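*Asks:* Can you read through this structure? Questions will come right after.
The values are calculated or read from the model by the stated rules, or taken from the named source; none is laboratory data. Treat the numbers as computed from the prediction; the structure is a model and nothing was measured. Neighbour counts are summed over all protein chains in view; Cβ atoms, including those assigned to glycine, are modelled from backbone coordinates with ideal geometry.
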Amino acid sequence: MSPLAALVTRTEDASMFSRPDPNLHTKLFAKYPWDYFESETGKRYRMQMSAYQDMDSAELLTSICCEHLFPFRIPKLYFADINRETTNYVLIVERIPFGRRGKVVKGKVTEKIERKPFEILPVCGKYQDYLLEDAPSIYFALFREMAHLAAWDHQGRYDAFLGPMQKYTEQEYLDQVIRVRKPQKERKMEVLKGGCQSMIEKGIDFAVNVASQIFTASGRDKAKLEKMKKEIVEIAPYFDDIRSYMSNSSDWTAAMHMNLQADN
């Protein structure tokens, strides 16, 4: 067994600690994200995520450097490492004791389970928000903690990791960023429209022709989907303008979680 395989295997049960310690967890979770024998599609996705944007190291560094800085708990870190040759990494943290979900029949939870105070709710599977217990309150809690995260950034709580926040007014942003940028060429606008249209058409084809049985009647309504495509393609060349508007003052920018939905 390789050292890495042994390390990951041990995360299933770390009860062999020589001296029990209430501050050490005996149930751990290991994240090893990329398939060793990856497909060409997987390789392209990994290169986009790991090599071009380096989002993997950001995840590791956040666990390493910020666990004690946040206004909320994150899983306790035990080990993290990344291989820069393959971009694969391993992250070992405490295992969250998610609660049991009630019986699901035809896409609905039919079994009511009584929860104890502070018991952790069941994990949400990908695209399974409809199985959440009281979904609105869960999303409210998520965004409330996002607000705490942003507020503490403005207080300088993460400066040791992120550095001091750059402060600027709307007028300064207009003078230093917007007024000096070059006008967008007509060709680029057409490219942005075309790329957006191609992506949306694939999604429409999936909803209408490939997996129509998993979509509602409204979600596969051709007229609605065509209207949606037309509107999104029309605004595609202005996505950068929208992003610029949202960041035109440091009062409205802060540390954030980029992927906050409940199934993540």
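*Asks:* Which condition does Val105 not pass, out of (1) without any contact (Cβ under 8 Å) to a residue 12 or more places away in the chain; (2) surrounded by 15 or more Cβ atoms within 10 Å (Cβ to Cβ); (3) β-branched (Val, Ile, Thr), if it passes all the others?
*Replies:* Failing condition for Val105: (2).
*Asks:* Does at least one position in the stretch 23-30 carry a residue that is assigned to a helix (DSSP H, G or I) and farther than 15 Å from Ile92 by Cβ?
*Replies:* no
*Asks:* Something else about it: Quick one: Leu77 ticks every box in (1) on the phi > 0 side of the Ramachandran plot; (2) modelled with pLDDT of 95 or more bar one, so which box is it?
*Replies:* Single failed check for Leu77: (1).
*Asks:* Next question, about the same structure. Take the residues of the stretch 163-181 that are free of Cβ contacts under 8 Å to residues at least 40 places away in the same chain and more than 14 Å from Ser244 (Cα to Cα): which is nearest to the chain's Cα centre (by Cα)?
*Replies:* The qualifying residue nearest to the chain's Cα centre (by Cα) is Gly163.
*Asks:* Name the single residue that is surrounded by the fewest Cβ atoms within 10 Å (Cβ to Cβ) among those in the stretch 58-102 being among the aromatic types (Phe, Trp, Tyr) and touching a strand residue (DSSP E or B) at 6+ places or on another chain (Cβ under 6 Å).
*Replies:* The residue in question is Phe79.
*Asks:* Now a separate question. Taking the stretch 108-136 as the region of interest, how many residues are surrounded by 14 or more Cβ atoms within 10 Å (Cβ to Cβ) and closer than 30 Å to Gln53 by Cα?
*Replies:* Matching residues across the stretch 108-136 total 3.
*Asks:* I'd like to know if the stretch 174-191 contains one or more residues that are within 27 Å of Leu132 (Cβ to Cβ) and either surrounded by 13 or more Cβ atoms within 10 Å (Cβ to Cβ) or β-branched (Val, Ile, Thr) (or both).
*Replies:* no
*Asks:* Residue under question is Ser244, and the condition is that it be among the small types (Gly, Ala, Ser), touching a Ser or Thr at 6+ places or on another chain (Cβ under 7 Å) and touching a residue at least 40 places away in the same chain (Cβ under 8 Å); does it hold?
*Replies:* Criteria not met by Ser244.
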